[in-house]
Each structure stands twice: as structure tokens, then as C-alpha cells.
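Asker: Provided herewith is a single structure, encoded as C-alpha cells, for subsequent inquiry.
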Amino acid sequence: MAGRWTNEYGSVVELTVEGHTVSGTFTAGGLGKPTAGPLTGWVSGDIVAFSVRWPLATHSLTSWVGQVVDEGGAPALKTMWHLIIDIPDVDEKAALWATVHTGADTFR
């Protein structure tokens, strides 16, 4: 699990594992200027969950959960993610759930 993983969009996650704790950095690619944030999470066997706090100006967090699988003799980290973007309190009643985005990534 530890090491450098790159997804299909050019984003890079660098994971350090100590026991069941994960730390590192996630650098989002494919969106123009790269954006990086610290990550923290947990591992258990070949499954992982981690969250990234993006730079404060973006007011957003993303969490991934996934599992390392064998893909043609090479490891692949298959994940699902949720991104939430903070919105002003006055807009929450009408737009809260529109600020949550979901997707999938495969890291190799």
C-alpha cells in the first residue's frame, strides 16, 4: 500500500503506512494547475480509507475508500470517493446536497 500511486487523471497519491495509519500527500492532476493537500487515513490488510484536506481557499474535503487488487499481474488500487465543498450557511437549505460529488479512481 505504501508508495506512489497515480490515477487515470494524472493525480498522484503518496502514501506512508505506519501500522494501520496512513499519511501522505494527494496532488490532483488534470485540472490545470496542480493542487495538493495532506492526507490521513487507515489501512486494514489490502483495504484503505483516507481523506484529503484541500488548501483552505477551496473549502473542500475528499475521502476515498478502496482495495488493492491484482490486475494482470500488477497491483491496482480501486477506489470510490466523495468530495464536499463548503457553501455559505444561507445556501445550505436549498443546495447542501448539490455540494457533494461522487466518483471512482483506479491508482496504479
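The values are calculated or read from the model by the stated rules, or taken from the named source; none is laboratory data. Bear in mind the structure is a predicted one, so any value in this text is a computation, not a measurement. So basically every Cβ, Gly included, is an ideal-geometry build from the backbone, and we count neighbours across all protein chains shown.
Asker: Being within 16 Å of residue 108 (Cβ to Cβ) and in a strand (DSSP E or B) is true for just one of 22, 68. Which residue is that? Let's see the steps before the verdict.
Answerer: Details: 22 fails: within 16 Å of residue 108 (Cβ to Cβ).
None of the others qualify; the one that does is 68.
Asker: Okay, moving on. Among the numbered conditions (1) acidic (Asp, Glu); (2) surrounded by 12 or more Cβ atoms within 10 Å (Cβ to Cβ); (3) at pLDDT 95 or above, tell me where residue 18 comes up short.
Answerer: If we test residue 18 against (1) acidic (Asp, Glu); (2) surrounded by 12 or more Cβ atoms within 10 Å (Cβ to Cβ); (3) at pLDDT 95 or above, just (2) comes out false.
Asker: Same structure, new question: Count, please, the residues in the range 62-94 that happen to be surrounded by 11 or more Cβ atoms within 10 Å (Cβ to Cβ), aliphatic (A, V, I, L, M) and over 16 Å from residue 27 (Cβ atoms).
Answerer: Of the range 62-94, the ones surrounded by 11 or more Cβ atoms within 10 Å (Cβ to Cβ) are 62-69, 71, 75-87, 91-92.
Narrowing further to those that are aliphatic (A, V, I, L, M): 65, 68-69, 76-77, 80, 83-85, 87.
Still in the running and over 16 Å from residue 27 (Cβ atoms): 65, 68-69, 76, 80, 84-85, 87.
Looking only at that region, the number is 8.
Asker: How do the pairs read when you match residues in the range 49-60 that are without any contact (Cβ under 8 Å) to a residue 60 or more places away in the chain with residues anywhere that are among the aromatic types (Phe, Trp, Tyr) and assigned to a loop (DSSP other than H, G, I, E, B), using Cβ under 6 Å and keeping only pairs 6 or more apart or on different chains?
Answerer: Every condition considered, the pairs that remain are 60/54.
Asker: On to the next question. Take residue 17 and tell me if it is assigned to a strand (DSSP E or B) and either under 12 Å from the mean Cα position of the chain (by Cα) or in contact (Cβ under 8 Å) with a residue 60 or more places away in the chain (or both).
Answerer: Working: assigned to a strand (DSSP E or B): yes; either under 12 Å from the mean Cα position of the chain (by Cα) or in contact (Cβ under 8 Å) with a residue 60 or more places away in the chain (or both): no.
Taking the combined requirement at face value, the residue does not satisfy it.
Asker: For the range 97-108, name all the residues that are surrounded by 12 or more Cβ atoms within 10 Å (Cβ to Cβ) and without any contact (Cβ under 8 Å) to a residue 24 or more places away in the chain.
Answerer: 99, 101, 103
Asker: Which pairs have Cβ atoms under 6 Å, sit 6 or more apart or on different chains, and link a residue in the range 1-14 that is over 13 Å from residue 43 (Cβ atoms) and of a type in the set (S, T, N, Q) to one that is at pLDDT below 95 and part of a loop (DSSP other than H, G, I, E, B)?
Answerer: Taking only residues 6 or more apart or on different chains, the pairs are 11/29.
Asker: Something else about it: Which residue is farthest from residue 101 (Cα to Cα), if the candidates are limited to the range 38-65 and must be assigned to a strand (DSSP E or B) and among the β-branched types (Val, Ile, Thr)? If you could, list the steps in order and put the result at the bottom.
Answerer: Start the filter on the range 38-65 by keeping residues that are assigned to a strand (DSSP E or B), which leaves 38-44, 47-53, 60-65.
Keeping just the survivors that are among the β-branched types (Val, Ile, Thr) gives 40, 43, 47-48, 52, 62, 65.
Values: 40: 20, 43: 24, 47: 22, 48: 20, 52: 14, 62: 9, 65: 14 Å.
Ranking the candidates gives 43 first.
Asker: Just give me the residues in the range 81-108 being among the small types (Gly, Ala, Ser) and in a helix (DSSP H, G or I), in sequence order. Before you say what the answer is, go through the steps one by one.
Answerer: Our first condition is that a residue be among the small types (Gly, Ala, Ser); within the range 81-108, this holds for 94-95, 98, 103-104.
Residues satisfying the conditions are 94, 95, 98.
Asker: Here's a check for you: in the range 38-60, which residue that is within 15 Å of residue 1 (Cα to Cα) and surrounded by fewer than 18 Cβ atoms within 10 Å (Cβ to Cβ) is farthest from the chain's Cα centre (by Cα)? Even if it seems obvious, please write down each step before you answer.
Answerer: First pass over the range 38-60, keeping only residues within 15 Å of residue 1 (Cα to Cα): 39-50.
If we keep only those that are surrounded by fewer than 18 Cβ atoms within 10 Å (Cβ to Cβ) as well, we get 40, 42, 44-47, 49.
Working: 40: 10, 42: 12, 44: 17, 45: 19, 46: 16, 47: 14, 49: 9 Å.
Ranking the qualifying residues of the range 38-60, first place goes to 45.
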